[in-house]
Amino acid sequence: MASVVHGYPSTMQDDYQLTMGQLIRQAVRSFGDTEIVHRNSHGTWGRTTYQENFDRIERAAAAFNKLGVGLGDRIGVMDWNSLRHYELYWAIPAIGAVFTQLNLRLAPEDLLYVINDSQASVIVIDETLVPAIQPLAERTKGVKTWVILSEGEIEHDLPNAVYYEELIADAEPLADWPNISETSAFAAGYTTGTTGRPKGVFYSHRSQYLHAYNTVKDLAVSVEDVVMPITPMFHVLSWGMVQVAVMVGAKLVLPGMFSAETLGDITDALTDEGVTVTNGVPAIFTPMFEVLKSKGVKDLTGLRMLCGGSEPPISMINAYRDTFNAEVVHGWGASETSPIVTVNRMRPTLRARMTEEEIRSYGSKQGSFPVNVDYKIVDGVGNQVPADGETAGEVLLKGPWITASYHGMPSEALADRFVDGYWRSGDVATIDENGFIKITDRLKDVIKSGGEWISSIDMENLMVSHPKVAQAAVVGLEHPKWDERPFMLLVLKDGEDITREEIDEHLLQRFAKWQLPEEFKVVDEIPATSVGKIDKKVIRSQYQDLYT
């Protein structure tokens, strides 16, 4: 990376720090009467305001100080999308500690690894999750105190445990907020990939501040909006949605603990509270569509639904648009990128020269890069691919909210993950003449058949558009002649059957005959990772001998 050179000195206050502490205090000052609607783990809804809740934030910060938490200490948090979780987003960095996300969907051994690798000294946990964490408690290495989030005392076996509400009740508001540097770690997140142990990414105050500004711009969020984070607040900071809302003073709706079975409550809140900005994965938005439709909802004009994790099917994007006039906004990023990098919103200049059909087809693309993230898309020998929308290469990224390393990883291990200061995403993409990228696969998931590449993602998304298909997963399996050949798992809609001929006929719309899967299987459920992505490692393992 080129060294920084310094020109003529400015007269600006360049030592003013962009921190989460500055963000929440100034938001409370400017938007104190803005409402926060919240649902607890028992399903009860409540209301407060930025200003009313700020007292609890300051008391929580002081309480952690009393527990001996100091500058740079890590506090692990395991909770749902709750009001208390929102408070911890601000109270922990208020004292210069690091808000450490504990993904409750990780396998137990991976969760234990995250606690120990981050060296968390305090763990804050919702009462509903205590039974899941208790078996790991005695194997944690540095945890001194467990803080339970509950309405009252509960039965548990956690050592040296205290109750959050009692801590707050006994504390005076934080007297002095440290003027912590913006390059200090604000939060820690761990990747949820399907290979190896989770990798630690420590987000700076500055990175999240700038990431929030960019998301505000990309989604055109303002004080007029109502923001409901559906993506878990324990995973990549719910894609920055909490900071985005607070930055512009938008009303917040926190849906608490929810699942596919409780989507009725979430959709009620979405319509009753007038939500205009939300986020989630296709696995949530697809059943949500059916719930909204069953409730007789007709119009959701103004709703922007940031969709990531995996590519949203065009059929789903069109269904929300045509049925509710809601916009499903395709986004792309990773834990290493804070996470949002590209957002697919059509520029007026493009819209003016495209047909309606062309505009809709663009919905499958991941969008264009923001001005403050540098990128390269390179082939196997490091040459940048042409912007022809066809030539694929790996996406490399550099920028103010892109990680430069992994926590505790030795330099020799990092060498393969970074090139000339760029983070290697492992995502394969094309880029077109308009600067829009299309992720065609993960580098590890590209199917290499007879020297040619086949995109598993494109095949999955085409198959999901079949009227009989609910879900599809495609992987490459070892083949004695062709190196790899595609294999497909299908989950069908209730009461449906499908034939090989129907599958081939549907796929031949876009794929050559030689690219079609050798075999397919109908299953009740497709293996998924902790954040709902298709777990292709598991599929490959289960069917590894099918072609050999």
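The values are calculated or read from the model by the stated rules, or taken from the named source; none is laboratory data. Everything quoted here is computed from the prediction, not taken from an experiment. All Cβ positions, even for glycine, are placed from backbone atoms using ideal geometry, and neighbour counts span all protein chains on display.
Residues ASP79, ASP126: which one is crowded, with 23+ Cβ neighbours inside 10 Å, in contact with a His (Cβ under 7 Å, 6 or more places away or on another chain) and closer than 27 Å to VAL253 by Cα?
ASP79
Could you count how many residues in the range 6-51 are among the aromatic types (Phe, Trp, Tyr) and closer than 25 Å to ASP126 by Cβ?
Residues meeting the conditions: 2.
Counting just the residues of the range 377-409 that are in contact (Cβ under 8 Å) with a residue 24 or more places away in the chain and polar (S, T, N, Q), which one comes out surrounded by the fewest Cβ atoms within 10 Å (Cβ to Cβ)?
Restricting to residues being in contact (Cβ under 8 Å) with a residue 24 or more places away in the chain and polar (S, T, N, Q), the top hit is THR391.
So which of ALA269, ALA326, ALA250, ALA245 ends up being closer than 23 Å to VAL373 by Cα and at pLDDT 95 or above?
ALA245
I'd like to check something: does the range 242-250 contain any residue that is over 24 Å from SER310 (Cβ atoms), outside any helix (DSSP H, G or I) and out of contact with any strand residue (DSSP E or B) (no Cβ under 7 Å at 6 or more places or on another chain)?
Scanning the range 242-250, I find at least one residue that is over 24 Å from SER310 (Cβ atoms), outside any helix (DSSP H, G or I) and out of contact with any strand residue (DSSP E or B) (no Cβ under 7 Å at 6 or more places or on another chain), so the answer is yes.
With ALA61, ALA94 as the choices, which residue is in contact with an Asp or Glu (Cβ under 8 Å, 6 or more places away or on another chain), more than 22 Å from THR191 (Cα to Cα) and crowded, with 23+ Cβ neighbours inside 10 Å?
Just a single option satisfies the conditions, and that option is ALA94.
Could you check the range 193-219 and list, in sequence order, the residues that are at pLDDT below 95 and either acidic (Asp, Glu) or surrounded by fewer than 21 Cβ atoms within 10 Å (Cβ to Cβ) (or both)?
GLY193, THR194, THR195, GLY196, ARG197 - these are the residues of the range 193-219 that are at pLDDT below 95 and either acidic (Asp, Glu) or surrounded by fewer than 21 Cβ atoms within 10 Å (Cβ to Cβ) (or both).
Mind checking which residues of the range 166-192 are farther than 18 Å from ILE402 by Cα, among the small types (Gly, Ala, Ser) and either modelled with pLDDT under 95 or buried (at least 22 other Cβ atoms within 10 Å of the Cβ) (or both)?
ALA175
Restricting attention to the range 228-247, which residues are more than 24 Å from SER530 (Cα to Cα) and surrounded by 24 or more Cβ atoms within 10 Å (Cβ to Cβ)?
VAL244, ALA245, VAL246
Do any strands (runs of 3 or more DSSP E) lying entirely in the range 261-336 carry at least 1 residues that are buried (at least 22 other Cβ atoms within 10 Å of the Cβ), among the small types (Gly, Ala, Ser) and in contact with a strand residue (DSSP E or B) (Cβ under 6 Å, 6 or more places away or on another chain), and which ones are they?
Those strands (runs of 3 or more DSSP E) span 327-333.
Return the residues of the range 248-260 that are exposed (fewer than 14 other Cβ atoms within 10 Å of the Cβ) and either more than 21 Å from ASP79 (Cβ to Cβ) or touching a helix residue (DSSP H, G or I) at 6+ places or on another chain (Cβ under 9 Å) (or both); say none if nothing qualifies.
ALA260
Is it the case, given these coordinates, that GLY70 is out of contact with any strand residue (DSSP E or B) (no Cβ under 8 Å at 6 or more places or on another chain) and within 23 Å of SER204 (Cβ to Cβ)?
yes
Is it the case that THR323 is over 29 Å from LYS493 (Cα atoms) and among the hydroxyl-bearing types (Ser, Thr, Tyr)?
So THR323 does not fit the description; no.
(1) at pLDDT below 95; (2) crowded, with 21+ Cβ neighbours inside 10 Å: which one isn't true of GLU412, the others all being true?
(2)
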